[in-house]
Amino acid sequence: TDDLVAKGPRADFDWNEQFQDAMDAIAKLNLNSHSESRLHAYQKLSNLAADFSYSVKTYARIIISEACLPREQKTIKPIEFPSSRSASGDKYIVHKILFKFASGADAGSNDDDDECAARLANHDLKALMQVLGCNEPGVRLPMMALVDYRGFRVVGCTLLPIDASTLVLGS
């Protein structure tokens, strides 16, 4: 993974900031915007999305591949969130991307919980796309990607700069 880190984005690269800047540039476009401006704005978002998707896939595969290892043997260590629910799966942060392992196993019940957790992750993405489609000014959303690998699902989303004053709903 040292090679991944060396070839990937700088550790201080802020995916969320870049995404918000790209979305702001697109929001400023209008019918009178020059075609070159339009192309540049959408190309910036497209390139960012491709890089984000590649990064999420790369790290999600590592997380999934090491899912059965003890914590001390994992390349990427899970983190604890104070508000985590027991059935929400392990969480990881790599290069300002929050990864959530969609798992119901923590609840101590059966395999159907894993399927439900994967479906919930899919619904999170669908809901995000619906809210994004509303084009509501002032609403800031993260970039998100789902990765299915070896029968498991991991959600990757940009780490948001939230605190008690900015959080309206969520964790």
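Of the solvent-accessible surface of the range 24-67, computed with a 1.4 Å probe and all protein chains present, 52% belongs to carbon and sulfur.
When Rg and Dmax are taken over the Cα atoms of the range 25-70, they come to 17.6, 57 Å. The trypsin sites (Lys or Arg not before Pro) found in the range 127-158 that occupy coil by DSSP, while having at most 16 further C-beta atoms within 10 Å, are Arg140, Arg150.
Peptides 21-29, 55-63 ranked from most to least packed, by the mean per-residue count of other Cβ atoms within 10 Å: 55-63, 21-29. Quick one: check the C-alpha center-to-center distance for the range 149-165 versus the range 18-74, whole angstrom. Centre-to-centre distance over Cα atoms comes out at 13 Å.
List the lysines whose Cα sits under 25 Å from the Cα of Lys77, skipping any in the same chain fewer than 8 residues away. Of all the lysines, those that pass the test against Lys77 - Cα under 25 Å, at least 8 places apart if same chain - are Lys7, Lys57, Lys91, Lys96, Lys100.
The values are calculated or read from the model by the stated rules, or taken from the named source; none is laboratory data. Everything numeric here is computed off the predicted structure, so don't read it as measured data. Using ideal geometry, Cβ is built from the backbone for each residue, glycine included, and neighbour counts are taken over all protein chains shown. Accessible surface is based on the protein model in full, side chains and every heavy atom, while ligands, DNA and RNA are left aside. Shrake-Rupley method; radii C 1.70, N 1.55, O 1.52, S 1.80 Å.
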